[in-house]
Structure formats: structure tokens, C-alpha cells
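Input: a single structure, listed below in C-alpha cells.
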Amino acid sequence: RPGERVELTGAFRAPRPPSNPGGYDGLTWALRQGLLGSLSVGGPDGVRILGPAEGALAGLRRLRERLHGRILARFASPEAELLDALLLGIREPLDQTLSDAFLETGTVHYLAISGSHIVILLGALSLFLRLTPLGFRARAGVLILAAAFYAALVGFQAPVARSALTASLAAAASLFGRPRAAWNALCAAAIAIGLYDPSQTFRPGFQLSFLAVAGILLLFAPLKARLEARLHPRGRLGRYGVDAFAMSAAAWMAVLPLVAWHFHLVTPVVVLANLIVFPLITLGMGAGVLAMLCPDWMAGPWVLAARAALQTLDGTVRILAEVPGGHVYVGDFPVPLLAGAYLALLLVAWRLRG
């Protein structure tokens, strides 16, 4: 289990290059993951548990395992597997057809702990802290610690590390009375992750995470202004629709060429899907956290609320994946075409912002 030390006896195999042209390249994948190879253990006799590992990270792994157990105890399948992915980043038990539906609707980033998860959890914590007697600076300090703790709990993958670092820098700016500079925070996070683990920069998760935020910073404001000028939204619901559509479109435009290049998939339905999926994710995660942390006598209502949100989310994503033309698979295309697509996107951004 996570957080334990084990001794393994088996056959070691070094990673191998593809056996066929264009096939799976296990060697490149292993190098990017920092892996020396794989060890095949013949059976239970090849595994000996030595006891709990020492150190803070091992303790966090054990805590994550206990929280995973609380979810399994209070939720039935498939809600438990979906909540595991949303809160703890445990995706292995998730139903493959549901995982494919998230991929085909362009909302698969919700299954990998990333910016939206940090925003939801820190936003909820911020609202709670306003009810306490803590001052402004103390609240900012708590948010910084909470971002670091959650990133460590779920593993320092590039999307969550980027989100935690940028959120912490924004809170630190408030803490020291400095203006918030979004581009500075984004670039600082990229530099920090690149220095800590240079191989991250070659991974799709790193590239897509930073591109999506850059797209929002470049395109959200001009897209929102044009939508408001044409639609004249009224009320909170109208303003939410415009904001959500503009943000979803900005992020999708930024990652579209790279997603097509890496995964051979184009998902125009994501612009609509995010309008529906994000509120369900927010409700499911919020109620799920309370259901997981509350004592048994208080957990019942939160379990019901989280279950309703997760079941609705499951059905919604599956329906959106079946929308005609909502996703299209594409073939390989050369790197110069990818570079040309981003040059065109920069020209569009310059024109929109002008």
C-alpha cells in the first residue's frame, strides 16, 4: 500500500524501443517518467512488506489511502470511483467507457487533478475562512499552506503543481500587499517545475496545462467583451453563461492544435460541455469532501447530495459524448503544421485584443 516499504524479488527488464515503426515506444516513455525498467514478481512470495516508510511524503500517501477507504465505505460503485478520481486523482478503477466519454467531450482534465480542482477547493476554503475571526493576511497564509498540502497529497504532477504554485503566488501577493501579476505567476510556476524536474516539460500534461491558462489570459477578456456586446446578458445566470462560454472557448482554442497532435482528437463539444459539467463537478466535489470528512452521523445528507451530482455528471458526460460532430478523430500531421496553427492563433489573439 502507499506509504509502505517493500522488498521485491523478480525479473528485471529494461525498457524497450518500439518493435514496429510507429508502435508504442516504451523506452521514450520510461525515460520521460524517470524509470529504469520494470520488475516482474512471480507471486506473493516475491513481495515482503518491511513496514511503514519514514518521512512526510510517506505519511501523506498513508493519509491518501485512508481517505480513499472513507470514500469506498460511504459511496457505492461507480460514484466511488468517480469521486476518487475527482478528489484524490486515483483513476485506475474508473470505468473505461466513462473515461473515454470524458476524453471525447474534452473534459478529461477534470479526471486529472488540475487548476479547476484547486480553484474549487481553495474557493470553498476561502469562503469558510471569511466566517472565522482570522484577518486578511492570516487567511492568505492558510490558503498557501492548503494549496501546498493538497498538491503534496495527490502527487506533484505538473497540472496540480502549476495550479498550487500560481494560487500560492497570488495569495502571497495579497499577503505582502503586491499587485497580482498573472503572467509572472504562470511563468514562475513553469520555471520552478522545469528546474525541479526537466522531463516534465516534454509531457502532454505539462504542456496542455500551461497552454490552457495562457489561452485564458490572452483570449478570455476579448471573447467575453464581444459576447456581452452581442448578447447583452441579464442576471447572474446570463453573466455566468457568458463567462463560462468565453473561458471554455479560450482554453479550448489554446490547446486544440496540441491535443490534435498528441491524441489525434478534436472536441468542439467541450465548449458546451464545460457549461454543464463544471457546476456538477463543483457540487460533487464539495459534497464529496464533506461526506468524506464528516463523522458518520453527519455524513448522510452530503452523501446523498454528492451521489446525485455524480450520477448526473456520469449521465451527462455519456450523452455529450454521443453528440453528432462533438468529437472528431484526426490523423498524424507534421510539427511545422502544429507551429503554423499556433502562429495563426497568436494572430487571432492579437486581432481580438486589438
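The values are calculated or read from the model by the stated rules, or taken from the named source; none is laboratory data. Since the structure is predicted, the reported quantities are computational estimates derived from the model, not experimental observations. In this analysis, Cβ positions are derived from the backbone assuming ideal geometry, glycine residues included, and neighbour counts consider all displayed protein chains. Side chains included, ligands, DNA and RNA excluded: accessible areas come from the protein's heavy atoms. Shrake-Rupley method; radii C 1.70, N 1.55, O 1.52, S 1.80 Å.
Computed quantities for the displayed model
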{"read-out": "Out of Leu98, Leu31, Leu72, Leu63, sole residue that is without any contact (Cβ under 8 Å) to a residue 40 or more places away in the chain, touching a helix residue (DSSP H, G or I) at 6+ places or on another chain (Cβ under 9 Å) and not hydroxyl-bearing (Ser, Thr, Tyr)", "value": "Leu72"}
{"read-out": "Matching residues in the stretch 311-322 - criterion: being open to solvent by 30 Å² or more (accessible area, probe 1.4 Å) and touching a helix residue (DSSP H, G or I) at 6+ places or on another chain (Cβ under 8 Å)", "value": "Gln311, Thr312, Arg318"}
{"read-out": "Residue that is farthest from Phe149 (Cα to Cα), among those in the stretch 9-35 that are within 23 Å of the chain's Cα centre (by Cα) and either open to solvent by less than 70 Å² (accessible area, probe 1.4 Å) or acidic (Asp, Glu) (or both)", "value": "Ala30"}
{"read-out": "Output for the stretch 165-198, where each listed residue is under 16 Å from Arg139 (Cα atoms) and not in a loop (DSSP other than H, G, I, E, B)", "value": "Ala167, Ser168, Leu169, Ala170, Ala171, Ala172, Ala173, Ser174, Leu175"}
{"read-out": "Selection within the stretch 36-61 - of a type in the set (A, V, I, L, M, F, W, C), open to solvent by 80 Å² or more (accessible area, probe 1.4 Å) and part of a loop (DSSP other than H, G, I, E, B)", "value": "Leu36"}
{"read-out": "Residues satisfying the stated conditions in the stretch 149-162, i.e. farther than 18 Å from Gln200 by Cβ and open to solvent by 50 Å² or more (accessible area, probe 1.4 Å)", "value": "Phe149"}
{"read-out": "Criterion violated by Arg353 - all others in (1) open to solvent by less than 40 Å² (accessible area, probe 1.4 Å); (2) touching a helix residue (DSSP H, G or I) at 6+ places or on another chain (Cβ under 7 Å); (3) more than 21 Å from Leu272 (Cβ to Cβ) satisfied", "value": "(1)"}
{"read-out": "Single match in Val271, Val266 (criterion: in contact with a Ser or Thr (Cβ under 7 Å, 6 or more places away or on another chain), open to solvent by less than 50 Å² (accessible area, probe 1.4 Å) and in contact (Cβ under 8 Å) with a residue 24 or more places away in the chain)", "value": "Val271"}
{"read-out": "Answer residue from the stretch 106-130, given it is out of contact with any strand residue (DSSP E or B) (no Cβ under 9 Å at 6 or more places or on another chain) and part of a loop (DSSP other than H, G, I, E, B) and is farthest from Phe206 (Cα to Cα) among those", "value": "Arg130"}
{"read-out": "Subset of the stretch 84-117 that is β-branched (Val, Ile, Thr) and open to solvent by less than 10 Å² (accessible area, probe 1.4 Å) - its residue that is modelled with the lowest pLDDT", "value": "Thr107"}
